[in-house]
Amino acid sequence: METHPDSALHILQKLRPEKYSSNANKALYGILLFEALDKNDMTLQPDSLIDFSINYYLKQEDKPHLAMTYFYKGRKLKYKTEYEKASIEFYKSIDNCNPNSDYLLLGKIYDDLATINFIQKENNEARRKYRMAASLFTKAGKMANILNVYLNIGYTYVVEKKYKIARLYYKKVYSLNPDSLTFGAALSEIGTSYYHNKQYDSALYYYKKTLSYPVKEINKSIRYFTVADVLFNIKQYDSSTVYAFKSLKYPANHYTRRECYRILVNVSYLKGDIKSMNQYMTKYQKYVDSIRIIESQTKASVIEHQHNSKVEATTAKQNLTTFILALVITILLSMSIGIYFYYRNKLRKQEIKDYKQELNNKQVFLNQSISNKIEELKSIQANNRRNTLPSDRIKLDKELYNNVLHLDNWDEFSNEMNQAFNNIIDKLQTEYPTLSRKEISWCCLHLLDISNADRILLLKTTTGGLYKLKQRIAQKLNLCSTKELNSFLKKRASNKI
């Protein structure tokens, strides 16, 4: 498994676990297969096999094997971009690890958790976990893993434009004599630091140099994309397109594919190939929507806090139970029960408070995502609008808003607004049944901060009609004046559990 994982995988795939009479052998087979698949950078499957292993080792209370099964379940979910569920499985694995011996496994877990933090733009938390991983890999004597962690720490500084600190980590990698795989990754990271600093010639030099070094299959797409992106920025559009297509031939995450299609959309537009541009725009939008769903997941730091709170609560509950029993034996049974319920209620209040905050954060994210999506599409259409007639601009505006808000489909529009603004449409329809759909639509457009000019277009009215519409809404909401509309709607759209 360690020296020839491809041979190990070949042997395991020849076996048929359903023929095992022993559940212990079948459970062990699940761990070994997932380990072999992971070492060969292949999809971790099937779910049923690893779930069987988890259930078996739970019944056996076999913590060493449980730690391994939870880790691979978490890594599978991470590869599927289900970061919230993955984090939960990783912390289950940590609970079953031996902190004094499972250095390699713990290092891998914290490395994966740090990567999730970084993807969720929690750079400080990511660096903290990366450093924990590096310390654990040092204890395990795994130099390749240590070097990879240093590269990841460097990249967290690159995105914060702290290039000097980032390059200190890259120099540290060089000083430790990396293998060709890690050396190529280091060159890529150096290229990225130049790219973020808009030194495109230097970035292109390092990016192209990485193409001659070995790389894992999933990272081939990233290397080709980085070359494509630099070429686009220096206006070598044909070459940029070639590398973008090369990137799309390999397995890639949603972020890489989105950016490849962004390049293809822009190049097609610059060449006047509107048909291709529309095709690429559809695929680009698909990945934008997928990423929005990914980024709306609960952050790993929240999962960690909840996990730690649960562990602390469990420990506190055990200690409290012991204390109560001792107290029952001696004197104050009633007082002990009162203390128990006090701490339990306090914990529940804190959990409700955390849940409220989490929901509010998700609500704000959805609201901002819709506004950002509108601005992003406006930016893409900007050059096209300058060369069109006023009537065509109106069509473009209507098409843009319809793509984002689905105004021509009340059910989809209602669902989108309810998610973004705490069930605002359901609340208004229930509490103020005299409001028309047009009036409710005005309320949602107001919360999205859509300009009056665009509201006139979308609601098919005039300046005077828009003002009268606003007055009618205020009257139906029993407000003294239209000046109270803004605070009223914002209050209704806030999270109140």
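Which option, (1) 24.4; (2) 26.9; (3) 22.9, is the value of Kirkwood radius over Cα pairs in Å that was calculated from these coordinates?
(2)
Please report the orientation-averaged projected area of segment 270-353, defined via the convex hull of its C-alpha atoms, in nm². It would help to have the intermediate numbers written out before the result.
Working: hull surface 31.8 nm².
In nm², the orientation-averaged hull projection of segment 270-353 is 7.9.
7 Å from Cα along Cα→Cβ at both SER290 and ASP238: what's the point-to-point distance in nm?
It works out to 3.1 nm between the two label points.
If packing is taken as the average number of other Cβ atoms within 10 Å across a peptide's residues, how do 251-262, 477-488, 58-69 rank, most packed first?
Numbers: 251-262: 19.8, 477-488: 12.6, 58-69: 16.8.
The peptides rank, most packed first, as 251-262, 58-69, 477-488.
Over what distance in Å are the Cα centres of segment 401-439 and segment 175-213 separated?
Cα centroid to Cα centroid, the span is 49 Å.
Cut-off is 10 Å between beta-carbons; in what order do PHE341, PHE323, PHE421, PHE90 appear when sorted fewest neighbours first?
Details: PHE341 9, PHE323 13, PHE421 24, PHE90 27.
Lowest count first: PHE341, PHE323, PHE421, PHE90.
Any chance you could check the Cα centroid distance between segment 82-143 and segment 253-300 for me, in angstrom?
Here the answer is 31 Å between Cα centres.
Can you find, among LEU270, GLN297, ALA313, the residue farthest towards the positive end of the dipole of the chain? Put +1 on the C-beta of Lys and Arg, -1 on that of Asp and Glu.
Working it through, the farthest residue towards the positive pole turns out to be LEU270.
How big is the charge dipole of segment 262-328 about its Cα centre, in debye rounded to the nearest 20, if each Lys and Arg gets +1 on its Cβ and each Asp and Glu gets -1 on its Cβ?
Working: 9 positive and 5 negative charges, 70 e Å.
Dipole about the Cα centre, nearest 20: 340 debye.
Let me spell out the model: positive unit charges on the Cβ of Lys and Arg, negative unit charges on the Cβ of Asp and Glu, origin at the Cα centre of segment 406-497. What dipole size does that give, in debye rounded to 20?
Working: 14 positive and 10 negative charges, 99 e Å.
Result for segment 406-497 is approximately 480 debye, rounded to the nearest 20.
For the cross-link pairs LYS208/LYS235; LYS164/LYS235; LYS208/LYS246, which exceed 19 Å when the distance is taken from alpha carbon to alpha carbon? Write out the running numbers ahead of the final one.
Details: LYS208/LYS235 17 Å; LYS164/LYS235 28 Å; LYS208/LYS246 13 Å.
Checking Cα-Cα distances, LYS164/LYS235 exceed 19 Å.
What number, rounded to the nearest 500 deg cm²/dmol, is the helix-based mean residue ellipticity at 222 nm of the chain, given -39500 (n - 2.57) per DSSP H run of at least four residues and division by all its residues? Before the final figure, lay out the partial values.
Details: 24 runs with 393 residues, N = 497.
Per the formula, -26500 deg cm²/dmol.
Going down the table (LYS78/LYS299; LYS286/LYS490; LYS161/LYS198; LYS39/LYS108; LYS85/LYS108), which pairs top 19 Å between alpha carbons? It would help to have the intermediate numbers written out before the result.
Numbers: LYS78/LYS299 13 Å; LYS286/LYS490 30 Å; LYS161/LYS198 11 Å; LYS39/LYS108 12 Å; LYS85/LYS108 17 Å.
Over 19 Å apart, Cα to Cα: LYS286/LYS490.
Using a basic spin-label model with each label point 7 Å from the Cα along Cα→Cβ, how many nm lie between LYS249 and ARG348?
Simple spin-label model gives 6.1 nm for this pair.
When every alpha-carbon pair in segment 1-159 is counted, what percent end up more than 18 Å apart? Can you show the working numbers first?
Details: 7678 of 12561 pairs.
Above the 18 Å cut-off, segment 1-159 has 61 percent of its Cα pairs.
Mind running the shape call on segment 201-340? Use the C-alpha gyration tensor, a ≥ b ≥ c as the square roots of the eigenvalues: rounded below 1.5 for a/c, prolate if a/b tops b/c, oblate otherwise.
Numbers: a/c = 5.71, a/b = 3.18, b/c = 1.79.
Prolate.
Of the listed pairs LYS216/LYS271; LYS121/LYS491; LYS80/LYS216, which have alpha-carbon separations greater than 23 Å here? Could the numbers behind the result be given before it?
Details: LYS216/LYS271 34 Å; LYS121/LYS491 29 Å; LYS80/LYS216 17 Å.
Result: LYS216/LYS271; LYS121/LYS491 exceed 23 Å.
A short reminder: the numbers here are calculations on the coordinates, not readings from a lab. Note that the structure is a prediction, hence the values are computed from the model and not measured. Reconstructed Cβ throughout: ideal geometry from the backbone, glycine too, with neighbour counts over all protein chains shown.
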